[in-house]
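The values are calculated or read from the model by the stated rules, or taken from the named source; none is laboratory data. What you see is a predicted model, and the numbers here were worked out from it, not measured in a lab. Glycine also receives a Cβ, built like all others from the backbone with ideal geometry; neighbour counts cover every protein chain displayed.
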Amino acid sequence: MRRSLTRHIQTYMLLLMAITSGLSQSGEQLLAQDSTPPVASEKTEASTVSFQSQGNHLQLMQLLQSIDPYLPSGDIEGKAVLSGSTTMVLLGQTWAQRFKLFHPKVEFARGIDGSDAALESLAKDPNVIAGISRNVTEDEIAALKAANCKDPVVIVVALDAMAVYVNAENPLRSLTPEQLQGVFGADAKGQPKIATWGQLGVQGDLANAKIRIHHRSEISGTRNFIQQSLLGGQPLSEPAETHKSNHDICQSIAKDPAGISLCGFGDRVDNTRTVALEIRGQVVDATDTNFLAGQYPMVRPLSLVFDRAQLSQDGGLRASIIKYILSRDGQREAILTGFFPLNPDFIRQELVQLTGTQTH
Amino acid sequence: MMHISDRRLGIDLSAWLQNGSFSRAILITFFTLSHPGIGLSQFSGGGGLFDNTLNQALPRVAVPSNQNPAGGWPQPTSTASGFSGSNPRTFSNNGTFSNNSTFSNSNGPAFASGGTNVPRSGAGATNTSQLPKDWKFGVAVDPSQTGAIVRQVTPNSPAQRAGLKPNDIIIALGGVQVGYVENRLNDVGDQIRRSADNTGRVRALVLDSQSARLQNMDIQLDSASNALTGSIALRDRGSLPPNSIMTVQIENVTRPFYEVRNGKVITSAFGTGPFFYEIQYDPVYIDPRDRYQLNAIITDQTGRTLYALREPIPIPTGGLPPNSVLALDSFRDLQLAGQQAGGGTVTSAYGQDPAVLSQIFMQLLGRPPSTNEQVAWSGYLAQGNSIIDLKAKIIGSPSYYDRLGNNPQAFIQTMIRTLKGSPATQNEVNAWLNRLQQYQGNREQVAKEFMQQLR
């Protein structure tokens, strides 16, 4: 176990280095445009970072090209059970359809819906693949190990870029991490730490207006992401309105000058806009281009949880499924379903984690 | 260790890490996701690992460098990664693709490679990076802090010919340490690609497991890729605008989804041509049971088709004829010819008009596609998938469902109204809700079936 953990740490640490070396070129080619002072940000010296839009098409094509296509390893058959969050089930269905083109004898069954239920299902039956679009806690991993899932592994398979949305009339230019935390987090009394737009530097009519948070009505993956990842498990401040979908949230923000929320990149509707993130004085807009260039950091990873100890028991079925998902076709399907692909280097490292010994 | 932000204008979440629990929480979240079982105490010394995790997963597109007069920019090639190894389906010598089969115009200009354009008076240029080659080594290794520990040596492989044995440790290749170096994995395959010369020779520093001595080995690697080279001409003798994108690819006709690794070259091009290409494809991905063809297309930088092949070139057994030039027609001419023939479609123009995709996106999602989506959808259509497939996939997407409040009934009603052009009856709604249930909630399948019934 210790060796395994050490390897995990090593693997992840080396990944940064791989990216670092590969990206220096990218970083140097960033355009640090002339500073356009954020309309209402406290730090007016921040400069905006964005990429030249010219040539994105070519670069994106090459990004996908640099992910290896799936290579079937012989005839595989059997039945795989995919359980998980609604988001991940849909992705799973898409992947399953494509995987069956390569392996027609494989059958897929939809297991129990919901992240919690999927993990419970995996605990009982280590043959299940659980798709999770929220944080997996240590307690949950321990529970899996204590049950029948002896070597649980979480592999990131796609990315969901998240953006802060406000009304289009809202002059707020950017948010720092502390500001974001202050808006969405609650203090010990359950009150938001930052309650008015003026506290974020907004001037004019909106300055004294209360910040109105819009959330999903149920414990959605997005809400869980905010609480677990942005607030470190701290309580969320009470929303002004709750909604059934991200689309409803954005439509409401379009009508609410004091509204704010966190949704996916693709959820924008008319009369709303995204707020840039301010990182070390650099303002990074929430754009596909910035995200794809690795510059925009707010992302919800979508993952699969499975029992690595079982991989050798099913004739290569689950290992092949995961290899497919991490292939060019699998990553393209993730984009088609509305998400973002992984970095090709990261994919290769995940494959090393999956397969161990490498053949050259 | 050089910090990532030192070289990238500091734009990463490690900066956020310095701000306390916010960043720390993300670090832990992401790390826990990827490394279950590692306790939070691992991070007690500070949050320095965060950017080692999340940043690694983020995709990175190459950013345009200073564009040269030719209008292109050096690009990392599309043939960067992957393992080579023996495979029972490796194409035989007598197979469809002959090694180094060339069908180029011998009188044309030379390759422009290594990221340097070769502008020629009255001609054109393509801009490709130095084409990487895949090499076969013949070892299975486990990376370690010391190097790559050899676990297995393939008989009659370069590794065996060089005298490598199980338990030997490959310390360095081309003078660069492999395995885990300062907690970073330097992959043997990557290092081979970086270090091997054009003929496949690489120097290895090896710790002999029996004598415990270090020794240098000059290893002659076997080629793991086949080359397909040729040139492209514009039939109308037109001129490509700067930053045009030329794509040449080997397509699997029998199973279009079965892509050939490194079977596609994507380069920027400009001018009048001819334009040269070289595909260093991985023969492991060639299945002798399948038929293959060569296709080529030139688009502008938004993906709009400029030139395309009238029909893809079948790749017969024995390879393509030598000294051939692929003649591409302007897309406008092809459309005209298609209309005159009553077809209206150009089978080889897989690039698809971005306007069509935008129209479908606007109709179904109320927004245009992002560049990201546009590229992915083009790739999807290039595999032979139809517009029905495309629409079904969008209708089945989380975005579409979310716009309908994540409500199955609203989904069925809207799908029917959108695709049929008239409101759904209650009977229709009930019937298709049942179908949705039968398909285990697979909305894409339901949409596809509905559209097929409409035809």
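Numbers at a glance
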| quantity | calculated |
| --- | --- |
| The listed residue being within 23 Å of A:Trp95 (Cβ to Cβ) and not hydroxyl-bearing (Ser, Thr, Tyr), out of B:Asn385, B:Asn427 | B:Asn385 |
| Filtered residues of the stretch B:178-202 (kept if surrounded by fewer than 18 Cβ atoms within 10 Å (Cβ to Cβ), assigned to a strand (DSSP E or B) and at pLDDT 85 or above) | B:Arg201 |
| In the stretch B:363-386, the residues that are among the hydrophobic types (A, V, I, L, M, F, W, C) and facing chain A (nearest Cβ under 7 Å) | B:Val375, B:Ala376, B:Trp377 |
| Of residues in the stretch B:246-259 being in contact (Cβ under 8 Å) with a residue 40 or more places away in the chain and surrounded by fewer than 17 Cβ atoms within 10 Å (Cβ to Cβ), the one nearest to B:Arg310 (Cα to Cα) | B:Val253 |
| Failed criterion for A:Pro126 (all others in (1) in contact (Cβ under 8 Å) with a residue 60 or more places away in the chain; (2) farther than 23 Å from A:Gly78 by Cβ hold) | (2) |
| Residue in the stretch B:218-229 that is β-branched (Val, Ile, Thr), touching a Gly at 6+ places or on another chain (Cβ under 7 Å) and surrounded by fewer than 24 Cβ atoms within 10 Å (Cβ to Cβ) present | no |
| Which listed residue, of A:Asp151, A:Asp116, is more than 10 Å from chain B (Cβ to nearest Cβ) and surrounded by fewer than 21 Cβ atoms within 10 Å (Cβ to Cβ) | A:Asp116 |
| Pair list, Cβ under 8 Å, 6 or more apart: the stretch A:323-345 residue closer than 12 Å to B:Lys393 by Cβ and facing chain B (nearest Cβ under 7 Å), other residue modelled with pLDDT of 90 or more and surrounded by fewer than 24 Cβ atoms within 10 Å (Cβ to Cβ) | A:Leu336/B:Lys393; A:Thr337/B:Lys393 |
| Residue check, A:Ser24 at pLDDT below 50, facing chain B (nearest Cβ under 7 Å), under 30 Å from A:Gln282 (Cα atoms) and surrounded by fewer than 20 Cβ atoms within 10 Å (Cβ to Cβ) | yes |
| Count of the stretch A:85-109 residues which are β-branched (Val, Ile, Thr) and surrounded by 22 or more Cβ atoms within 10 Å (Cβ to Cβ) | 2 |
| Any hit, the stretch A:292-300, residues being buried (at least 20 other Cβ atoms within 10 Å of the Cβ), within 7 Å of chain B (Cβ to nearest Cβ) and part of a helix (DSSP H, G or I) | yes |
| Yes/no for B:Leu240 being within 23 Å of the chain's Cα centre (by Cα) and over 18 Å from B:Ala148 (Cβ atoms) | no |
| Counted residues, the stretch B:284-314 - those being away from every other protein chain (no Cβ under 12 Å) and either of a type in the set (Gly, Ala, Ser) or assigned to a helix (DSSP H, G or I) (or both) | 2 |
| Search result, residues across the stretch B:426-442 that are closer than 15 Å to B:Asn406 by Cα and assigned to a loop (DSSP other than H, G, I, E, B) | B:Gly441, B:Asn442 |
| Selected residue (criterion: nearest to B:Ile360 (Cα to Cα)) from residues of the stretch B:390-419 that are more than 10 Å from chain A (Cβ to nearest Cβ) and touching a Phe, Trp or Tyr at 6+ places or on another chain (Cβ under 8 Å) | B:Leu419 |
| Those strands (runs of 3 or more DSSP E) lying entirely in the stretch A:214-283 with at least 1 residues under 22 Å from A:Tyr296 (Cα atoms) | A:259-264, A:272-279 |
| Unmet criterion (only one of (1) crowded, with 24+ Cβ neighbours inside 10 Å; (2) farther than 26 Å from A:Pro239 by Cβ) for A:Leu277 | (2) |
| Yes/no for B:Ile219 being in contact with a Leu (Cβ under 6 Å, 6 or more places away or on another chain), modelled with pLDDT of 90 or more and in a strand (DSSP E or B) | no |
| Number of positions in the stretch A:183-213 that are out of contact with any Ser or Thr (no Cβ under 7 Å at 6 or more places or on another chain), farther than 22 Å from A:Pro297 by Cβ and β-branched (Val, Ile, Thr) | 2 |
| Residue in the stretch B:230-245 that is in contact with a Lys or Arg (Cβ under 8 Å, 6 or more places away or on another chain), outside any loop (DSSP other than H, G, I, E, B), among the small types (Gly, Ala, Ser) and touching a residue at least 24 places away in the same chain (Cβ under 8 Å) present | no |
| Qualifying residues in the stretch B:133-169 (those that are out of contact with any Leu (no Cβ under 7 Å at 6 or more places or on another chain) and in a strand (DSSP E or B)) - the one surrounded by the most Cβ atoms within 10 Å (Cβ to Cβ) | B:Ala148 |
